[in-house]
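Structure, as structure tokens:
Just so it is clear, none of the values below were taken in a lab; they were calculated from the coordinates. The shown structure was predicted, so the numbers you read here are calculated from the model rather than taken from an experiment. All Cβ positions, even for glycine, are placed from backbone atoms using ideal geometry, and neighbour counts span all protein chains on display.
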2 protein chains.
Amino acid sequence: MPDLEPTLAARLRRNDDGLIAAVVQQHDTGQVLMMAWMNDAALHETLTTGRATYWSRSRQELWVKGETSGHRQWVREVRLDCDGDTVLVKVEQEGPACHTGSHTCFDDGPIEAVVGRAPGTTAR
Amino acid sequence: MPDLEPTLAARLRRNDDGLIAAVVQQHDTGQVLMMAWMNDAALHETLTTGRATYWSRSRQELWVKGETSGHRQWVREVRLDCDGDTVLVKVEQEGPACHTGSHTCFDDGPIEAVVGRAPGTTAR
């Protein structure tokens with residue numbers, strides 16, 4: 001498998017397992033769909049195939065999202081964050097993003113939380 | 001410091017450092033602002049004070065976002081993901097979210113990537 005472009009590879013700050021975090025967002029609605037992990041090979045595949053590809057920590061293998069479920073993610077844009085340890089992947093999601101069948105992995109409802117409001121703002 | 005509510009604490013799947021990931025999103029625009037980490041105490045503070053609070057891995061201490069910079073994050077909603085290792089924190093961001101002064105930590109421009117398109121869709 002070819003390598004990542006060297007200047008990009010040099011910007012990555014991988015964790016002890018050689019991974020960076022991937023936040024996955026539906027490109028048009030802005031919904032956050034899921035969080036996953038990428039090694040260099042997964043990022044390279046994501047950037048060159050148009051299909052979001054991750055590193056499965058449980059299976060210890062590359063995981064082309066939707067390869068078995070059909071719930072594929074088509075890459076629209078990829079951005080690296082300021083310290084190089086997280087990518088934001090904007091995708092077009094086919095079907096549900098979550099393995100539970102939910103549209104996103106965050107569909108279980110909000111946790112009870114105190115709502116904070118910036119000084120001078122009103123409820124909306 | 002009081003503990004997390006026990007049924008919530010039981011849902012968390014912490015990493016080896018006792019942390020869960022936090023994806024932070026502007027509540028109204030859907031912009032993903034940053035990625036950070038929380039231990040139980042940070043999550044508890046986030047849920048009970050209305051101010052997004054993280055665990056600083058570099059300083060090894062609780063970090064009330066904006067406490068020194070003034071770039072505070074006011075909590076609007078918190079959701080736990082399907083496997084309990086990531087929270088989505090929707091906030092109202094005061095000022096820039098990124099320590100570089102950028103509005104988000106993903107403002108450095110897209111990485112060159114092949115754009116994928118689901119079968120039957122057209123460019124948009």
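Each Lys and Arg Cβ is given +1 and each Asp and Glu Cβ -1; about its Cα centre, segment A:1-42 then shows a dipole of about 120 debye.
Measuring from each Cβ of chain A to the axis carrying A onto B, the nearest residue and its distance in whole Å come out as A:Gly30, 1. Ascending distances from the A:Gly120 label point to its copies in the other chains, with the point 7 Å along the Cα-to-beta-carbon line: 5.0 nm. In nanometers and ordered shortest first, the copy-to-copy spacing of the B:Glu67 label point, defined 7 Å from Cα toward Cβ, is 4.4.
For A:Lys65, the lysines whose Cα falls under 24 Å of its own Cα, not counting residues fewer than eight places away in the same chain, are A:Lys90. Each listed q (0.15, 0.19 Å⁻¹) maps to a log10 I(q)/I(0) for segment B:6-93 from the Debye sum over equal C-alpha point scatterers, namely -0.49, -0.80.
Each Lys and Arg Cβ is given +1 and each Asp and Glu Cβ -1; about its Cα centre, chain B then shows a dipole of about 280 debye.
Would you mind working out the magnitude of the charge dipole of the protein assembly as shown relative to its Cα centre, with +1 at each Lys and Arg C-beta and -1 at each Asp and Glu C-beta, to the nearest 20 Debye? Numbers along the way, then the final one.
Values: 26 positive and 36 negative charges, 92 e Å.
Once rounded to the nearest 20, the dipole reads 440 debye.
DSSP loop (so not H, G, I, E, B), at most 13 other Cβ within 10 Å: list which GluC sites (Glu not before Pro) in segment A:36-98 pass both filters.
Details: sites: A:Glu45, A:Glu61, A:Glu67, A:Glu77, A:Glu92, A:Glu94; in loops: A:Glu67, A:Glu94.
Answer in residue order: A:Glu67.
B:Ala41 label point, 7 Å along Cα→Cβ, cut-off 16 Å on backbone N: hits in segment B:56-80? What the label zone holds, given the 16 Å backbone N cut-off, is B:56-65.
Averaged over A:85-97, how many beta carbons belonging to a partner chain fall within 10 Å of each residue's beta carbon? Display every interim value, and only then the final one.
Values: counts 2, 8, 3, 9, 2, 4, 2, 6, 1, 3, 0, 0, 1.
Per-residue shielding by partner chains comes out at 3.
The label-point distance for B:Val115 and A:Asp108, in a model that sets each label 7 Å from Cα toward Cβ, rounds to 3.6 nm. Annotation for segment A:1-92: trypsin sites (Lys or Arg not before Pro) lying in DSSP loop with at most 10 further Cβ atoms inside 10 Å of their Cβ are A:Arg59.
Pull out the extension gain between B:Glu67 and B:Thr49, defined as 0.36 nm times the separation in residues minus the alpha carbon to alpha carbon distance; nm, one decimal. Let's see the in-between values first.
Details: separation 18, 0.36 × 18 = 6.48 nm, distance 1.31 nm.
5.2 nm is the gain from fully extending B:Glu67 to B:Thr49.
Could you work out how far helix B:40-49 tilts from the main Cα principal axis of chain B, as a 0 to 90 degree angle to the nearest 10? Once rounded, one gets 90 degrees.
What's the center-to-center distance, using Cα atoms, between segment A:46-63 and segment A:93-117 in Å? Cα centroid of segment A:46-63 versus Cα centroid of segment A:93-117: 22 Å apart. Legend: mean number of C-beta atoms from other chains within 10 angstrom of residue C-beta atoms, peptide B:62-69, equals 0. Ascending distances from the B:Gly84 label point to its copies in the other chains, with the point 7 Å along the Cα-to-beta-carbon line: 3.5 nm.
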